[in-house]
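**Q** Input: one structure, supplied below.
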Amino acid sequence: MLYPIKRNNIYGFINEKGEIIIEPKFNYTRDFSNQVCVVSNNLQETNFEYDGKIYFYSTSTIINSNGDILFPFKKYLTIDKYSDDVAFCYNEKIKRHGVIDKNGEEIIPFIFSTSEIEYSLFSDGLARIKRDGKYGFINKNNEVVIPFDYDKASNFHNGYSLVKIKNKDFLINKNGEIYKTKHSVISAFYEDRAIVKLKNKYGFINKNNELVIDYLYDRIVGIFNEGHCLVKIGEKYGLINTSGETIIEFKFDEVRWIGNGVFPAKIGKKWTLINFKGEMKFEPKFEFINDFNKFNENIDYFDAKLTRAEFNKEDYYIDTYGNLISKIKTTEREVIYTELIELLCKSPEQKQVWDKAEWSYDGFSITKKGAIKPFYFILKWFKNNNLLTDEGIDAYNDKNNLEIGLYRSMFKKNAAGFLDYFYDYWYEKQHIANYQIDPDLKFEEDENIGKYWEFYKQNF
């Protein structure tokens, strides 16, 4: 399993030792799941050679743990996580979802709306589909296997789906047959244990419909994994085994899912990792630690070697000993001044418009927030440096202008000249398209625009 890292707004992958296995070259990536990982690039990026042919970067493809591209980049395609060797994907051109395999071959046509397949994936050979407000299941041939009878339904796990009709929850198997029990079941079976509920208390049954762990707990955290489960009594969490025996006393204020023989726990104001003996792997030092078990994220890894943690307000990958393996995101502030000199030696076009907000960008779907965010960032920098005209100040103050752009009349003469020389270059180097597509990204400092401006003033 490899782990995504971000270097100067470009993604690559490291192994569990922190060694870079795939150099950063992708604009976007998901996490590995089902032995593959979805990666995406912008259309204007450089090309790959695949199977003796050259393909320009389009939208999305998948890679394996060696970094091999498994099929050519597919234009206008957004691919979800893989499960059961297939993935739902969205064609932005026709605005419909379909299913492809690991060769990129279409196995179910692009016929589904977003509401029909939202949060669905193939598991145990079946996928949940919603039609006319009801849920059912199809197979990989797009045949309806379980009718659309249910008000709610989970994806299948270990042969069962938790479904609901009106106020009744129950399990069904892959044939649609009801698992009959007098207990109120609220989960599928994991390690032969399913969670049951009675009057706000939780216990466990086995597949023989026996109550093997009584209704003792106020909350269950996750599922049974490696023979253990985290549970809560009163205000504290502890650890039990599949027989219901208390392995670690109830003493933790906050915990997260079990994975790779440990679980994150908050002690005081900091987080550490606890093993099954109740021992701290290291003194609490992290602001937060995520799970080593990725099942909660619909990723089929229960024992990742690394997880994400926050240390001194920076995000790192750590191992089960709390070692800092790698920063997840770094930004190098290098400015290549020889390239700036080359730009100043050219005669730029005096543009009246450098850029305008758009709702689609080279095949990607972007939010309005993402589209307008870079423009207000740029206007704010020029405003703080007294480089905007009254029109530019008015544009900056209108925070909800969805048609915002960068127009020459917004900038004072020297600022407009600066943008003629450097805007396109700065936009490309700082990967501003990333901010348009993902509005959750943050601008850091001024993304080198201040250094470009100082260079321009000194040399123009």
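**Q** Would you check if THR78 is of a type in the set (Ser, Thr, Tyr), surrounded by 21 or more Cβ atoms within 10 Å (Cβ to Cβ) and in contact (Cβ under 8 Å) with a residue 40 or more places away in the chain?
**A** no
**Q** Picking from LYS168, LYS180, which residue would you name as being in contact (Cβ under 8 Å) with a residue 24 or more places away in the chain, surrounded by fewer than 16 Cβ atoms within 10 Å (Cβ to Cβ) and over 16 Å from LYS277 (Cα atoms)?
**A** Among LYS168, LYS180, only LYS180 is in contact (Cβ under 8 Å) with a residue 24 or more places away in the chain, surrounded by fewer than 16 Cβ atoms within 10 Å (Cβ to Cβ) and over 16 Å from LYS277 (Cα atoms).
**Q** Quick one: would you say GLU143 is in the same structural domain as THR61 (by TED's automatic domain parsing), at pLDDT 95 or above and surrounded by fewer than 15 Cβ atoms within 10 Å (Cβ to Cβ)?
**A** Criteria not met by GLU143.
**Q** Shifting gears a bit: What are the residue pairs meeting all of these: first residue in region 407-433, first residue assigned to a loop (DSSP other than H, G, I, E, B), second residue among the hydroxyl-bearing types (Ser, Thr, Tyr), Cβ atoms under 8 Å, and 6 or more apart or on different chains?
**A** LYS412/THR389
**Q** While we're here: Among the residues of region 116-164, count how many are part of a strand (DSSP E or B) and either over 23 Å from GLU191 (Cβ atoms) or in contact with a helix residue (DSSP H, G or I) (Cβ under 7 Å, 6 or more places away or on another chain) (or both).
**A** Looking only at that region, the number is 19.
**Q** Given the residues LYS164, LYS152, which is the only one that is touching an Asp or Glu at 6+ places or on another chain (Cβ under 6 Å) and over 30 Å from PRO72 (Cα atoms)?
**A** LYS164
**Q** Additional query: Against the condition more than 25 Å from ASP319 (Cα to Cα) and in a loop (DSSP other than H, G, I, E, B), how does LYS232 come out, does it pass?
**A** no
**Q** Only residues that are acidic (Asp, Glu) and surrounded by 11 or more Cβ atoms within 10 Å (Cβ to Cβ): list them for region 378-397, please.
**A** Of everything in region 378-397, those that are acidic (Asp, Glu) and surrounded by 11 or more Cβ atoms within 10 Å (Cβ to Cβ) turn out to be GLU391, ASP394.
**Q** I'd like to verify a number: residues in region 301-356 that are at pLDDT 80 or above, of a type outside the set (Asp, Glu) and assigned to a strand (DSSP E or B), how many?
**A** Summing the residues that are at pLDDT 80 or above, of a type outside the set (Asp, Glu) and assigned to a strand (DSSP E or B) in region 301-356 gives 14.
**Q** Give region 78-95 a look and list any residue that's closer than 13 Å to LEU126 by Cα and acidic (Asp, Glu), or say none.
**A** Across region 78-95, the qualifying residues are ASP84, ASP85.
**Q** Could you pull out the residue among ILE248, ILE267 that is modelled with pLDDT under 95, more than 14 Å from ILE318 (Cβ to Cβ), β-branched (Val, Ile, Thr) and not assigned by TED's automatic domain parsing to the domain that holds GLU16?
**A** ILE267
**Q** Specify the residue that is surrounded by the most Cβ atoms within 10 Å (Cβ to Cβ); the eligible residues are those in region 184-201 that are in contact with a Leu (Cβ under 8 Å, 6 or more places away or on another chain) and part of a strand (DSSP E or B).
**A** Out of the qualifying residues, it is ALA194.
**Q** When residues of region 239-264 are filtered for being in a strand (DSSP E or B) and either of a type in the set (Val, Ile, Thr) or in contact with a Ser or Thr (Cβ under 6 Å, 6 or more places away or on another chain) (or both), how many remain?
**A** Residues in region 239-264 being in a strand (DSSP E or B) and either of a type in the set (Val, Ile, Thr) or in contact with a Ser or Thr (Cβ under 6 Å, 6 or more places away or on another chain) (or both): 6 in total.
The values are calculated or read from the model by the stated rules, or taken from the named source; none is laboratory data. It should be emphasised that the depicted structure is a prediction, and the values quoted were computed from it without experimental measurement. Ideal geometry is used to build each Cβ from the backbone, glycine not excepted, and the neighbour counts take in all protein chains shown.
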